[in-house]
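The structure under discussion appears below in the form of structure tokens.
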Amino acid sequence: MLVLETERLLIRDTGVADLQGFFDYMCREDYWHHVPVDPVTFDSVSAMIQRALLDQSQDPRAGYFLAVVEKQSNELVGEAILHVRSAR
């Protein structure tokens, strides 16, 4: 499992248990103000997490959809996305 850590945050692989946290986070109006995509549904967030889990099982891994969690509250507060296009 990939885990990056700062003084205030954990940036880690997404897991099934993150479904409600991502849904709650992505439904907020301030999120949609800055992200030009269709509004999420519980099913669309579930599908997104399933894709992230599939990416985690790939070797070599090219897709990283990571959960950003505030350490103090253990609340999911964001995401980080990385797509590796080439090993070079």
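Does any residue of region 17-35 turn out to be in a strand (DSSP E or B) and modelled with pLDDT of 95 or more? Checking region 17-35: not a single residue is in a strand (DSSP E or B) and modelled with pLDDT of 95 or more.
Output the residues belonging to region 58-88 that are aliphatic (A, V, I, L, M), part of a strand (DSSP E or B) and surrounded by fewer than 12 Cβ atoms within 10 Å (Cβ to Cβ). Listed by number, the residues that qualify are 81, 82.
When restricted to residues that are farther than 24 Å from residue 84 by Cα, at pLDDT 90 or above and part of a loop (DSSP other than H, G, I, E, B), region 36-57 contains 1. Taking the criterion of being more than 14 Å from the chain's Cα centre (by Cα) and of a type in the set (D, E, K, R), the residues of region 1-51 that qualify are 5, 7, 8, 28, 29, 30, 38, 43.
The set of residues from region 11-41 being surrounded by fewer than 16 Cβ atoms within 10 Å (Cβ to Cβ), within 28 Å of residue 59 (Cα to Cα) and in contact (Cβ under 8 Å) with a residue 12 or more places away in the chain comprises 15, 16.
The values are calculated or read from the model by the stated rules, or taken from the named source; none is laboratory data. Given the structure is predicted, the values throughout are model-derived calculations rather than measurements. Cβ coordinates were reconstructed from backbone atoms using ideal geometry, including for glycine residues, and neighbour counts include every protein chain displayed.
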